[in-house]
1. Given Cβ point charges of +1 (Lys, Arg) and -1 (Asp, Glu) and nothing else, what value in debye, to the nearest 20, does the dipole of segment 48-121 about its Cα centre take?
2. Give the calculated FRET efficiency between ILE120 and SER76 to the nearest 0.05, with a Förster radius of 30 Å applied to their Cβ-Cβ distance.
3. List the trypsin sites (Lys or Arg not before Pro) within segment 48-108 that DSSP assigns to loop and that have no more than 16 neighbouring Cβ atoms inside 10 Å.
4. Once Lys and Arg get +1 and Asp and Glu get -1 on their Cβ, which of HIS73, GLN62, ASN141 lies farthest toward the positive end of the dipole of segment 45-163?
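No lab work stands behind these numbers, since they all come straight from the coordinates. In this text the structure is predicted, and so the values were computed from the model without any measurement. FYI the Cβ positions are ideal-geometry reconstructions off the backbone, even for glycines, and counts take in every protein chain you see.
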Amino acid sequence: MKNVFNVLIVPVFLFCSFQKENGLTQKRQSLSETVARKGDRIIYLFFKADKDQSGNAKITLQSSKITDGRLKHTPSFERNGVDKGDLIITLTESGGKEVAKQLVKDPFNPELEVYEKEGISRHKASLQSTEFSARFSYSENVQTIKIEKATDDGAQLLFTQKL
């Protein structure tokens, strides 16, 4: 009788302890989700770029949109990964400190994959007008957007605008 009683009581205690633990983790998850929803936002920046007769690029900010969410992957910026013609987008705060940087591969000369009988090959297209976008984790401290073009001599400033 004593053994039967022990066999019945032990599973009941285990079941109750798992239920209590499961309820606590659900409460923690819901609390962390509400905190994440309130504070996490993404800013999307949409640009249009045109080349003039002499080949100089003119960039305009078409629109920006701020939405709730969180970036799963923040693109890393490495100076050695920059090629000639690539654009470097920098967000700075009012004190001039850089908040975020992102690399956009040369939008005027995108690399296209073409399927042919011999297989897949890559070709560079040359465009006079193009559009591109970038997204960043939103910060209320961001004051200025700056876009530079990578050249052989360093970086050429193409665009600066206050948000």
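1. In total the dipole reaches around 340 debye.
2. FRET efficiency, ILE120 to SER76: 0.60.
3. Sparse-neighbourhood loop trypsin sites (Lys or Arg not before Pro): ARG70, LYS72, LYS84, LYS97, LYS105.
4. Working it through, the farthest residue towards the positive pole turns out to be ASN141.
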